[in-house]
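The values are calculated or read from the model by the stated rules, or taken from the named source; none is laboratory data. Nothing here was measured: the structure is a model prediction, and the numbers come from that model. Note that each Cβ is placed from the backbone with ideal geometry, even for glycine, and that neighbours are counted across all protein chains shown.
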Amino acid sequence: MEESNAQKEFYSAMDIKSLSKINDKKFDNIDHFYQLKSNMALVTIYKDGTVTLFPASSGEGLYADDIKYLEPMIASGVYPVKGDGSFFEKEKTRIANLKESIPYYCAELSKKLDFDVKVSLDPIYLERLSVVITKRFSTKRKDYPLAYLLSVYVGELMRVQEGAEYIYRPENTLNIYYTPELTKDGKFCTFVGEFIRELEIAHVTPINVGEFLSKRNDFYPISTRRYIIPKL
């Protein structure tokens, strides 16, 4: 347990496996539980007053001696836990302002690829870029930091081509971060996972950015998908 300042707020950040062991041990003594609307985390209060706070997906959760120690965190939406270390978690602030961040990502890609990366739909330019990307991922297949940078860039090409806008799907660790998608005419389109899968097989099937843009631009009705406005 941690003691925070003079307020003696006793709580501890734990991985999900450790929290699950506590829950299993105290399962017959659960008093009540509920889900937070803000990040879909599960709050379980036991008859002895202790509390577990499970993230809805990944990252650390919290264990506390009393719910009162967690209430300020719940109110602020900021939790003293490690996240999952993903690209989008680390890039949360820039992703939340993605259109404004594109010049930064283009500059980063230009340095990493040794190629002038810009937002252009010119077929000849995209062919040259595709050759550069294929060469890199044919020899370095698991460069996921670069893969995510490229997926964001290709998403911007799709947005410009389709006249779409960004929407943000929450990734429900305790401290929410966002995965960008596209929306147009009340429909949505994903691009991150799709382009990363293309990069994973670049050693077998050469990358063709122009072809990807023409074939992977289907928009589907938004039904039960949950989107939020990013908070910085």
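Taking first residues from segment 117-129 that are in a helix (DSSP H, G or I) and partners that are aromatic (Phe, Trp, Tyr) and at pLDDT below 95, no Cβ contact under 8 Å between residues at least 6 apart in sequence or on separate chains turns up.
Residues of segment 97-108 include at least one that is of a type in the set (Gly, Ala, Ser), surrounded by 14 or more Cβ atoms within 10 Å (Cβ to Cβ), at pLDDT 95 or above and assigned to a helix (DSSP H, G or I). Which residues, taken from segment 206-232, are assigned to a loop (DSSP other than H, G, I, E, B), closer than 22 Å to Leu121 by Cβ and either within 20 Å of the chain's Cα centre (by Cα) or not aliphatic (A, V, I, L, M) (or both)? The answer is Pro206, Asn208, Arg216, Asn217, Asp218, Phe219.
The condition of being touching an Asp or Glu at 6+ places or on another chain (Cβ under 7 Å) and not assigned by TED's automatic domain parsing to the domain that holds Glu181 holds for only one of Thr50, Thr44, that being Thr50. Would it be correct to say that Ala147 is surrounded by 20 or more Cβ atoms within 10 Å (Cβ to Cβ), out of contact with any Gly (no Cβ under 8 Å at 6 or more places or on another chain) and farther than 18 Å from Tyr104 by Cβ? Against the criterion (surrounded by 20 or more Cβ atoms within 10 Å (Cβ to Cβ), out of contact with any Gly (no Cβ under 8 Å at 6 or more places or on another chain) and farther than 18 Å from Tyr104 by Cβ), Ala147 does not qualify.
Among the residues of segment 164-178, how many are outside any loop (DSSP other than H, G, I, E, B), at pLDDT 95 or above and touching a helix residue (DSSP H, G or I) at 6+ places or on another chain (Cβ under 8 Å)? Residues meeting the conditions: 3. From the list Glu211, Glu194, the lone residue that is in contact (Cβ under 8 Å) with a residue 12 or more places away in the chain and charged (D, E, K, R) is Glu194. Scan segment 39-51 and tell me whether some residue there is at pLDDT below 95 and under 30 Å from Val160 (Cα atoms). No. Residues that are without any contact (Cβ under 8 Å) to a residue 40 or more places away in the chain and surrounded by 17 or more Cβ atoms within 10 Å (Cβ to Cβ) were ranked within segment 37-72; the one that is nearest to Tyr168 (Cα to Cα) is Phe54.
Close contacts from segment 12-31, counting a first residue that is on the phi < 0 side of the Ramachandran plot and a second that is assigned to a helix (DSSP H, G or I), with Cβ to Cβ under 6 Å and a gap of 6+ residues or different chains, come to none at all. Being touching a strand residue (DSSP E or B) at 6+ places or on another chain (Cβ under 7 Å), charged (D, E, K, R) and farther than 26 Å from Val160 by Cβ is a property that Lys21 lacks.
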